[in-house]
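Asker: Following this message is one structure expressed as structure tokens.
Quick note: the coordinates plus some simple rules give every number you see, no bench work behind them. Small disclaimer: the values here were computed from a predicted structure and weren't measured. Counting neighbours? That spans all protein chains shown, and the Cβs are built from the backbone with ideal geometry, glycine included.
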Amino acid sequence: MLHPPAPVSPEVAKARRSIDAVKRILVPTVGTPHSERGVELACRLGEEQKAEIILVYVLEVPRTIPLGTPLPEVEAKAQESLSRAEAIVRLHGLPAIPHIERAREAVEGIIRVAKDYEADLIVLGIRPRVSAAEEVLGRTSDALLRRAPCEVIVNKLPG
């Protein structure tokens with residue numbers, strides 16, 4: 001005997017369909033535990049849909065030098081961070097797209113990559129400890145929440 005599923009409201013059905021539409025998830029990473037936790041969360045969110053995980057490391061180039069100036073130490077750190085993030089994605093069996101972006105400000109680079117890859121979602125891991133003088137969200141996180149071209153999920157590790 002067949003049992004039809006319980007009826008759901010149109011709002012619930014729409015919310016479920018919108019999550020099913022997540023095919024590309026962008027995760028900014030800097031190689032810290034909180035950004036790697038963001039990679040893990042993105043993988044778990046995208047597992048059912050077999051989403052592509054776009055890993056971006058933004059090289060912030062000072063305005064005093066040309067954008068294309070070689071920065072070997074920072075580039076090596078970027079490669080190392082992306083390699084660790086790719087390893088996390090591979091554990092979940094999802095496709096990883098590593099990308100190094102040069103920008104004057106991190107938020108500009110993240111937004112550019114999100115638009116270029118047509119990301120459906122950005123998962124942003126933020127640092128767990130915040131002093132009394134600091135805001136919970138840093139300058140980059142705040143600007144990204146205001147200007148991102150897609151949905152943003154912020155993940156903060158417990159203190």
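Asker: What does the charge add up to near E86, with Lys and Arg as +1, Asp and Glu as -1, over the other residues with Cβ less than 14 Å from its Cβ?
Answerer: Numbers: positive: R84, R90; negative: E36, E40, E52, E80.
Within the 14 Å Cβ shell, the charges total -2.
Asker: Same structure, new question: Using a 7 Å offset from the Cα along the Cα-to-Cβ direction at both E60 and R44, what is the distance between the two label points in nm, to one decimal?
Answerer: Output for this residue pair reads 2.9 nm.
Asker: Tell me the GluC sites (Glu not before Pro) within the range 53-133 that lie in a loop according to DSSP and have at most 13 other beta-carbon atoms within 10 Å. Please report the intermediate quantities before stating the final value.
Answerer: Numbers: sites: E60, E73, E75, E80, E86, E101, E105, E108, E118; in loops: E105, E118.
Here the sparse-neighbourhood loop sites are E118.
Asker: When the Cα centres of the range 35-58 and the range 89-125 are compared, how far apart do they sit, in Å?
Answerer: 9 Å
Asker: From zero outward in steps of 10 Å, how is the percent of C-alpha pairs of the chain spread across the bins?
Answerer: 10, 36, 33, 14, 5, 2, 1, 0
Asker: Moving to a separate point now. Charges on Cβ only, +1 for Lys and Arg, -1 for Asp and Glu, centred on the Cα centroid of the range 47-154; of L55, L124, V107, which one is farthest towards the dipole's positive end?
Answerer: The Cα lying farthest towards the positive end belongs to V107.
Asker: Can you count the Lys pairs in the chain with C-alpha separation below 22 Å, eight or more apart or on different chains? Walk me through the numbers on the way to the answer.
Answerer: Values: K14/K23; K14/K50; K23/K50; K23/K115; K50/K115.
Eligible lysine pairs with Cα atoms under 22 Å apart amount to 5.
Asker: Quick one: putting +1 on the C-beta of Lys and Arg, -1 on the C-beta of Asp and Glu, what dipole do you get for the range 35-148 around its Cα centre, in Debye to the nearest 20? Intermediate results must be reported in sequence, preceding the final value.
Answerer: On the way: 16 positive and 19 negative charges, 42 e Å.
Roughly 200 debye, rounded to the nearest 20.
Asker: I would also like to ask the following. Hey, what number do you get for the chain at 222 nm if only DSSP H runs of n ≥ 4 count, each worth -39500 (n - 2.57), divided across all residues, to the nearest 500?
Answerer: Values: 5 runs with 65 residues, N = 159.
Value at 222 nm, helices only, nearest 500: -13000 deg cm²/dmol.
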